[in-house]
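**Student:** Could you have a look at this structure, given as structure tokens, before my questions?
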Amino acid sequence: MAREYLNSDWLPFTKVTVYASTQKYVLSMACKLLLGLEYPGEVGIVSELFKRTMPGLLAVLINLPGTPFNRSIKEGKKLKLELLKIVEARKKMIPKLKEREKAGSGFVDILSRMLLEGKAHFKSDMEIVNNLISFLLSSYEGITAAITTFKYLSELPQVYDALYREHRNIAKSKSPQEKLNWEDVQQMKYSWNVICEAMRLIPPTFGTFREAKIDLNFAGYTIPKGWKILWSPFTSNKDPKCFQNPETFDPERYDRDGLLPSSYVPFGGGTQMCPGKDFAKFVMLVFTYNVVSKFRFRKRIPDEKIIYLPGPRPEKDLPVLLQQHQHHE
Ligand code: HEM
């Protein structure tokens, strides 16, 4: 799907805005993997309704006709109805899905898996829909934010070249039209280090809250039972005690220095750790592989700032000039 997407949305152009384009791709990919919708035909309605609902997340909470908040509520209701229709239709396919699963054939998307697991986990269809919306949101915001990787790839040619070499080695073991498989993705060790380094310097999420279950003493401070504590990857990620020369983009550090426990936490930790980590990793690696195998790119705004809305994004969506590889260098 990444290949198909790049052929239609990148290949005909010499300029693209990486953030907006990646967001579109990630949402389509999430619709396919989470909901089992076909790309590009079936993902259109859901992704459009989802995009129209999103502005309400950051709007002033005034629910009057014509306000962005009011518009988002209306679009959100339409999105839920559309997802309910999809859930209804999929339920009718459960016997077929069970057969397919027994035969061990074919990929089972997350919605189908939720339905196969049955009523034990979900009280109603609306609960399934609400879960799906939270997964779509995490993909849309989280995975796209990690695409700051491309900012560093356009700034650091030596990192780009090392990544390209890793990708070429994988490509050499395959025929030109052969798709990536799970084993190929496991080999993308340097690529993952690059993405990790981008997420270390610009974490996709600011952090979340925990509640103190007992009176705690931490670093000389008393935290009374019941207080909320905000943990954030922004603190340890730039701490020289955890990462040497923390401001330097250095993907090799993970193999060379290793990691202190709980020092690198873009996906959180403990029992609440992000359940979408592997999904996100897979989507990011496959997309990066497909982009780097086809293009070099140069930033059009040399000192473009990263802003937080609330997740990080390049201020002007990272416009780049594309240069297609003429032959495999
Ligand atoms: C690069 C992408 C992503 C990043 C950086 C990220 C990061 C995080 C973080 C920091 C948390 C809080 C963990 C904690 O409190 O310890 C979290 C929770 C969560 N994430 Fe992600 N996430 C990403 C992608 C995804 C995706 C793709 C999904 C779903 C498909 C997802 C689903 C969730 C859910 C459901 C929770 C709540 C878990 C709970 O409270 O038990 N995330 N994520």
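**Student:** With the checklist (1) assigned to a helix (DSSP H, G or I); (2) at pLDDT below 90; (3) in contact with a helix residue (DSSP H, G or I) (Cβ under 9 Å, 6 or more places away or on another chain); (4) of a type outside the set (A, V, I, L, M, F, W, C) in hand, flag the one item residue 90 doesn't pass.
**Tutor:** Of (1) assigned to a helix (DSSP H, G or I); (2) at pLDDT below 90; (3) in contact with a helix residue (DSSP H, G or I) (Cβ under 9 Å, 6 or more places away or on another chain); (4) of a type outside the set (A, V, I, L, M, F, W, C), only one is false for residue 90: (2).
**Student:** Give me the residue from region 37-56 that is assigned to a helix (DSSP H, G or I) and among the hydroxyl-bearing types (Ser, Thr, Tyr) and, out of that set, nearest to residue 80 (Cα to Cα). Lay out the reasoning, then the answer.
**Tutor:** Within region 37-56, the subset assigned to a helix (DSSP H, G or I) is 43-56.
If we keep only those that are among the hydroxyl-bearing types (Ser, Thr, Tyr) as well, we get 47, 53.
Numbers: 47: 12, 53: 10 Å.
Among those residues, the one meeting the criterion is 53.
**Student:** Same structure again: Where residues in region 261-301 are touching a helix residue (DSSP H, G or I) at 6+ places or on another chain (Cβ under 6 Å) and part of a loop (DSSP other than H, G, I, E, B), which of them is nearest to the ligand (Cβ to nearest atom)?
**Tutor:** Among those that are touching a helix residue (DSSP H, G or I) at 6+ places or on another chain (Cβ under 6 Å) and part of a loop (DSSP other than H, G, I, E, B), it is 276.
**Student:** If you don't mind, another one. In region 151-197, what residues are farther than 21 Å from residue 22 by Cα and either acidic (Asp, Glu) or in contact with a Phe, Trp or Tyr (Cβ under 7 Å, 6 or more places away or on another chain) (or both)?
**Tutor:** 161, 162, 166, 178, 183, 184, listed by residue number.
**Student:** Shifting gears a bit: Could you grab me the full set of residues in region 115-154 that are more than 16 Å from the ligand (Cβ to nearest atom) and farther than 30 Å from residue 191 by Cα?
**Tutor:** So in region 115-154, the residues more than 16 Å from the ligand (Cβ to nearest atom) come out as 115-116, 118-120, 123-126, 153-154.
Hits for region 115-154 are 115, 116, 118, 119, 120, 123, 124, 125, 126.
**Student:** If residue 112 satisfies all but one of (1) out of contact with any helix residue (DSSP H, G or I) (no Cβ under 8 Å at 6 or more places or on another chain); (2) assigned to a helix (DSSP H, G or I); (3) away from the ligand (no atom under 14 Å from the Cβ), what's the number of the condition it fails?
**Tutor:** Going through the list (1) out of contact with any helix residue (DSSP H, G or I) (no Cβ under 8 Å at 6 or more places or on another chain); (2) assigned to a helix (DSSP H, G or I); (3) away from the ligand (no atom under 14 Å from the Cβ), residue 112 breaks only (1).
**Student:** Sticking with this structure for a sec: Out of all the residues in region 91-118, which are free of Cβ contacts under 8 Å to residues at least 12 places away in the same chain, among the basic types (Lys, Arg) and within 24 Å of residue 79 (Cβ to Cβ)?
**Tutor:** 92, 113
**Student:** Also, quick follow-up: Please work out which one of (1) away from the ligand (no atom under 16 Å from the Cβ); (2) under 24 Å from residue 318 (Cβ atoms) is the condition residue 174 fails and give its number.
**Tutor:** All conditions are met except number (2).
**Student:** If you don't mind, another one. Considering region 307-321 alone, what residues qualify as being in a loop (DSSP other than H, G, I, E, B) and not hydrophobic (A, V, I, L, M, F, W, C)? Even if it seems obvious, please write down each step before you answer.
**Tutor:** Residues of region 307-321 in a loop (DSSP other than H, G, I, E, B): 309-311, 315-318.
Correct list: 310, 311, 315, 316, 317.
**Student:** Taking only region 202-228 into account, find how many residues are part of a loop (DSSP other than H, G, I, E, B) and of a type in the set (A, V, I, L, M).
**Tutor:** We begin by selecting, within region 202-228, every residue part of a loop (DSSP other than H, G, I, E, B); these are 202-207, 212-215, 219-220, 224-227.
Narrowing further to those that are of a type in the set (A, V, I, L, M): 202, 212, 214, 219.
Number of matching residues: 4.
**Student:** Can we say residue 105 is surrounded by fewer than 16 Cβ atoms within 10 Å (Cβ to Cβ) and either under 30 Å from residue 233 (Cβ atoms) or small (Gly, Ala, Ser) (or both)?
**Tutor:** It is true that residue 105 is surrounded by fewer than 16 Cβ atoms within 10 Å (Cβ to Cβ) and either under 30 Å from residue 233 (Cβ atoms) or small (Gly, Ala, Ser) (or both).
**Student:** Among the residues of region 10-59, write down those that are within 23 Å of residue 319 (Cβ to Cβ), loosely packed, with under 15 Cβ neighbours inside 10 Å and free of Cβ contacts under 8 Å to residues at least 24 places away in the same chain.
**Tutor:** 12, 55
**Student:** Moving on to the next point. Based on this model, can you work out whether residue 235 counts as within 12 Å of the ligand (Cβ to nearest atom), modelled with pLDDT under 90 and out of contact with any Asp or Glu (no Cβ under 9 Å at 6 or more places or on another chain)? Show your work before the answer.
**Tutor:** Numbers: within 12 Å of the ligand (Cβ to nearest atom): no; modelled with pLDDT under 90: yes; out of contact with any Asp or Glu (no Cβ under 9 Å at 6 or more places or on another chain): yes.
No, not satisfied.
**Student:** Out of (1) away from the ligand (no atom under 16 Å from the Cβ); (2) touching a Gly at 6+ places or on another chain (Cβ under 8 Å), what's the single condition that is false for residue 208?
**Tutor:** (1)
**Student:** Taking interchain pairs and intrachain pairs at least six residues apart, which have beta carbon atoms under 6 angstrom, with the first residue in region 245-272 and of a type in the set (S, T, N, Q) and the second within 14 Å of the ligand (Cβ to nearest atom) and modelled with pLDDT under 95?
**Tutor:** Listed by first residue and then by second, the contacts come to 262/269; 263/236.
**Student:** Out of the residues in region 252-290 that are among the polar types (S, T, N, Q) and over 25 Å from residue 183 (Cα atoms), which is surrounded by the most Cβ atoms within 10 Å (Cβ to Cβ)? Break it down into steps so the answer makes sense when it comes.
**Tutor:** Step one: filter region 252-290 for residues among the polar types (S, T, N, Q), giving 262-263, 271-272, 288, 290.
Next, only the ones that are over 25 Å from residue 183 (Cα atoms) stay: 262-263, 271-272.
Details: 262: 11, 263: 16, 271: 5, 272: 9.
The qualifying residue surrounded by the most Cβ atoms within 10 Å (Cβ to Cβ) is 263.
The values are calculated or read from the model by the stated rules, or taken from the named source; none is laboratory data. Everything numeric here is computed off the predicted structure, so don't read it as measured data. Cβ sites come from the backbone with ideal geometry, for glycine too, and all protein chains shown count toward neighbours.
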